[in-house]
Amino acid sequence: MGQKPSVAKGTRDFFPAIVAKRQYIFQTIKDSFETYGFSPIETPSFELSSTLMGKYGEEGDRLIFRILNSGEKMKKADVDALNEGNLPRFANSLSEKALRYDLTVPFARFVVQHQNDLAFPFKRYQIQPVWRADKPQKSRYQEFYQCDADVVGSDSLVYEVDYVQLFDEVLTNLNVPQAVIKINNRKILSGIAEVSGEAEKIVAITVAIDKLDKIGLEGVLKELQSKGISEDALEKIKPLFKITGDTRQRLVQMKTFLADSEIGLKGIEELEYIFNTTDQLGLKSTEVEFDVTLARGLNYYTGAIFEVKCNAVSIGSICGGGRYDDLTGIFGMKNMSGVGISFGADRIYDVLEELDLFPSSVDNRLELLFINFGEEEAAYCMGMVKKMREAGVSSELYPKSAKMNKQMKYANDRGVKFVALVGKNEMEQGVLRIKNMDTGEQDDIQPDALVNHLKKA
RNA sequence: GUGGUUGUAGCUCAGCUGGUUAGAGCGCUGGAUUGUGGUUCCAGAGGUCGCCGGUUCGAAACCGGUCUUCCACCCCA
């Protein structure tokens with residue numbers, strides 16, 4: 001038999017029925033992106049290593065798939081670095097290119113590189129696969145799609161409000177129930193760090209707070225201690241965990257908590273604007289909510305932080321996003337504020353699948369298969385196939401006059417909706433015998449009436 | 001990256017403390033059925049037991065390495 005075939009670690013094959021469902025999700029997202037004024041771009045699947053390396057933190061670099069130099073370039077291998085145990089430098093000498101790790105950094109590169117050809121604020125969306133050399137787990141793969149919409153070149157909060165509307169629009173169109181759009185602001189997190197007197201430990205503090213619902217208050221305090229946060233600071237942070245109530249009530253209490261932090265109050269102000277404006281505009285099927293524990297995302301978020309959860313399913317977040325004031329700065333373009341969101345298509349797929357929410361129109365099964373009775377009949381049926389295709393009905397003729405049994409079995413296995421049996425008898429009578437494969441019923445139909453007959457079912 | 005786990009037919013899995021020709025169900029192919037699938041019956045094909053090495057008279061089984069699967073952590077979509 002030879003070598004056993006298999007896909008590479010962390011990758012997947014998709015069957016036709018799965019692709020149909022995935023495309024339905026992508027298409028729904030695309031349609032909304034476009035009605036909100038985003039235009040599609042595409043960037044290469046691999047970039048120069050220098051574009052990607054160092055942009056995702058110390059953890060990130062390790063997870064970037066690197067592309068080995070080929071041909072003469074292999075001679076550039078820095079053997080000295082290897083002998084000295086300097087693996088990063090050795091790796092760099094072996095590889096000049098890497099698969100993209102996300103869509104945001106390539107987008108930043110794109111904006112800086114083409115800044116003279118873009119009208120700002122520039123709004124783009126991008127739906128392409130990305131690759132991560134992560135250890136695969138359930139619904140965590142090494143190759144997956146991201147669906148990003150970003151705008152760069154404006155710090156207006158109008159866009160934050162727009163994104164809330166966009167989340168609502170897409171999730172409503174996909175019939176995702178009980179979706180909650182959680183919003184926080186990096187400035188508030190900075191404020192918390194500032195108030196505690198450990199401003200420089202903001203990352204450790206936010207990462208710990210983010211785990212509140214997972215490890216509880218005790219766990220968070222423990223983690224903070226282990227990260228070297230002083231007892232004094234802990235005491236100052238503790239009141240934060242006593243804040244309760246709905247979004248409004250919690251914002252009011254946060255204001256008191258952050259009274260001494262200018263940046264923290266700025267964050268509150270921004271959130272108030274977003275929540276007030278969203279209230280005026282209204283939402284179709286989702287809810288918005290303030291969540292201080294939200295500290296996800298890469299370290300480059302500087303303003304709003306978004307995360308969307310579906311409470312009908314116990315699955316992680318299905319969308320995310322946030323504002324980053326200086327993303328293009330790493331490529332030398334200053335003062336370009338950006339804000340973007342991302343839909344987790346694989347997660348959304350799992351939600352729709354689990355709740356059985358894919359519409360029946362997502363169905364790419366063949367509509368009509370003509371049984372092949374022989375040369376003469378086949379020629380006649382090919383004419384019918386052509387007519388049906390012109391009428392927009394997907395149809396085929398079985399390629400050879402195999403046994404009826406075999407042809408019917410093929411139709412069944414393939415999930416064909418209708419089978420046309422047109423032999424000598426039917427040809428003489430000028431009718432088509434149409435069998436509905438779901439119900440097993442069959443009728444003799446006039447050729448002119450065929451399209452209507454199929455539509456009715 | 002750390003710790004654990006998994007791998008036997010296309011699929012899901014049996015296979016005793018190491019002992020002849022490695023089994024089942026489903027699927028597949030053919031037939032019962034030369035104009036009727038999804039039900040039934042009969043027959044058949046299909047396996048260097050993930051891969052490499054070691055221990056042993058003898059390895060699917062034990063040991064080491066490697067790849068893969070899944071899980072927790074880290075991180076993340």
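A few comments on the model shown:
- Net +/- balance of residues flanking residue A:398 in space, Cβ distance below 12 Å, scoring K and R +1, D and E -1: +3
- Centre-to-centre separation between the Cα atoms of region A:12-68 and those of region A:323-392: 16 Å.
- Computed per residue of chain A from DSSP H runs no shorter than four, each worth -39500 (n - 2.57), the mean residue ellipticity at 222 nm is -12500 deg cm²/dmol.
- Taking amide H as placed 1.01 Å from N in the peptide plane, the amide H of residue A:302 sits under 5 Å from that of A:323, A:324, A:325, each at least 5 places away or on another chain.
- Placing +1 on the Cβ of every Lys and Arg and -1 on the Cβ of every Asp and Glu, with no other charges, gives region A:237-336 a dipole of roughly 220 debye about its Cα centre.
- Taking a Cβ cut-off of under 10 Å around residue A:89, the surrounding Lys, Arg, Asp and Glu residues balance to a net charge of -3, with basic ones at +1 and acidic ones at -1.
- Proximal charge balance of residue A:421 [Cβ under 9 Å; K/R count +1, D/E count -1]: +1
- Among beta bridges identified by DSSP and lying wholly in chain A, the antiparallel ones come to about 80 percent.
- Helix A:212-226 vs. chain A, principal-axis angle (Cα, 0 to 90°, nearest 10): 40 degrees
- When +1 charges are put on Lys and Arg Cβ atoms and -1 charges on Asp and Glu Cβ atoms, the dipole computed for region A:368-456 relative to its Cα centre reaches about 340 debye.
- Residue among A:83, A:119, A:93 farthest towards the positive dipole end of region A:79-124, charges placed on Cβ: A:119
- Sites residue A:387 and residue A:45, calculated FRET efficiency, Cβ-Cβ separation with R0 41 Å, nearest 0.05: 0.45
- Crossing angle, helix A:247-257 versus chain A [Cα axis fit, 0-90 degrees, rounded to tens]: 20 degrees
- Taking each residue as 0.36 nm, the span from residue A:84 to residue A:260 lengthens on full extension beyond its C-alpha to C-alpha distance by 58.3 nm.
A short reminder: the numbers here are calculations on the coordinates, not readings from a lab. All values reported here derive from a predicted model rather than from experimental measurement. For neighbour counting, all protein chains shown are included, and Cβ atoms are generated from backbone atoms with ideal geometry for every residue, glycine included.
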